[in-house]
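The values are calculated or read from the model by the stated rules, or taken from the named source; none is laboratory data. All values derive from a computational prediction rather than experimental measurement. Neighbour counts are summed over all protein chains in view; Cβ atoms, including those assigned to glycine, are modelled from backbone coordinates with ideal geometry. Calculation scope for accessible area: heavy atoms of the full protein, side chains included, ligands and nucleic acids excluded. Shrake-Rupley method; radii C 1.70, N 1.55, O 1.52, S 1.80 Å.
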Amino acid sequence: LAQSLFALFASSLAISLVFAIIPLCHNVVVLAVVMAVAGLAMGCIDTISNMQLVKIYQKDSAIFLQALHFFVGFGALLSPLIADPFLSDTNCILSNSTANASSNLPHIRKSLVPHHPGNLSHYDLPMKGMVVTRVSYAFWIMALINLPVPIAVFFLLYKERMVPCFNSSSHPLLSADELAMETRPAEKDDLSAAVQRPRAAGGHDDLFSCCQSKNFRGASYAYFAVHITGALVLFMTDGIVGEYSGFVYSYAVEEPLSVVHKVAGYLPSLFWGFITLGRLISIPVSYRMKPATMVFINVVGVLITFLLLLIFSYSVVFLFVGTASLGLFLSSTFPSMLAYTEDILQYKGCATTVLVTGAGVGEMVLQLLVGSIIHDQGSYSFLVCGMIFGGLAFTFYAFLLFFHRMYPKPPSDVDDASPDKPAAMDDTGQYQR
């Protein structure tokens, strides 16, 4: 826990520093290094926060994972709104040719899609003159907004007496968190002993324990197959999120739809808005529905939505309906898959790293792949690629269900605490395994 909290503190602080430094970068190499640091920090936060929720809350982690990813989507929806007031409606550099360039600016901004901007060489863009942009303020505001996060993590470290230089006289916060302990009835009489046992065990386990080769000795092939198929499902679904949000605008403005640029600009916002709404809805739904069922509904819904988008490819109205539907189905796939896979593997937290890595690689690779295909084959291939990726996600999920059946069941003492069994209430109204 201490290693995880220190890593979260360092990563969240690094993000604030990066956002503060970005406006000061006047060299593309320096900017690339700064952005790489930001990527590393965000990857650490993504992995550790998911892993710790799984290890702490175990059976109940699905609800907390849905809540976590709701705030991920909410942040993705909110941050452009913070930056928008500081984006200049005229050219960022004033010179003699500013008047001509300013009239072209709305089209240029809409044309700069990820990875494959259009041919802008015929537009007159001034390269020298007085810089008038205020976009730097947006980065500095985001840095300040993020700053309370490392402060809060440091406060938690301080209250848990994990900071070597400071000795807190107050009681630790987590000792009172009975929800996280989930002790057996026989252990309820001695809560302090129950608190000490996990902490003592933590001395023999650390943040990188999943990478130790001794944990793989004697593991069945189904153990590795569950990790691989789970990662491949997220490789496809998170890749769809990246490529759809990145290229749906380009698809809409091209033939045969030819949507006007201003209207097409609402599609990515609609997509992320319904992802955020879907994650909010999934918080209460995950309390009633098993993660495996939710993932099944998600992958089938994605497949059907892309099929309908292909059938009604000439309908602008259905493009908006399909975009909203796709956002809803993709919204809870990552947290549900994470909860389901860790459920199979008894909440060790090791699968989290594999799944987060698979999702991140998919989001990066599929955007590059789809961008090059659209460039060579035309805009219609955008939906065809989505259909193929959705079919592969469903196929890999079917393999995951097969390997789940092949995976050896835990011993009887562990099986009694298995998340597949519903919690029973004792006479005192307390939940027990």
- Message: So, Leu1, is that one farther than 26 Å from Trp140 by Cβ, open to solvent by 50 Å² or more (accessible area, probe 1.4 Å) and either modelled with pLDDT of 80 or more or in contact with a Gly (Cβ under 8 Å, 6 or more places away or on another chain) (or both) or not?
- Response: yes
- Checked against (1) buried (at least 20 other Cβ atoms within 10 Å of the Cβ); (2) in contact with a Ser or Thr (Cβ under 9 Å, 6 or more places away or on another chain); (3) farther than 27 Å from Tyr137 by Cβ, Ser61 satisfies every condition except (2)
- Task: Kindly indicate which of Phe235, Phe247, Phe296 is farther than 15 Å from Phe382 by Cβ, buried (at least 20 other Cβ atoms within 10 Å of the Cβ) and among the aromatic types (Phe, Trp, Tyr).
- Result: Phe235
- Message: For segment 21-33, check the following and say yes or no: at least one residue is under 15 Å from the mean Cα position of the chain (by Cα) and open to solvent by 30 Å² or more (accessible area, probe 1.4 Å).
- Response: no
- Taking Leu308, is it outside the structural domain of Leu68 (by the TED database) and under 20 Å from Thr395 (Cα atoms)? yes
- Counting only helices (runs of 4 or more DSSP H) entirely within segment 303-400, those with at least 1 residues that are surrounded by fewer than 17 Cβ atoms within 10 Å (Cβ to Cβ) are 316-331, 350-377
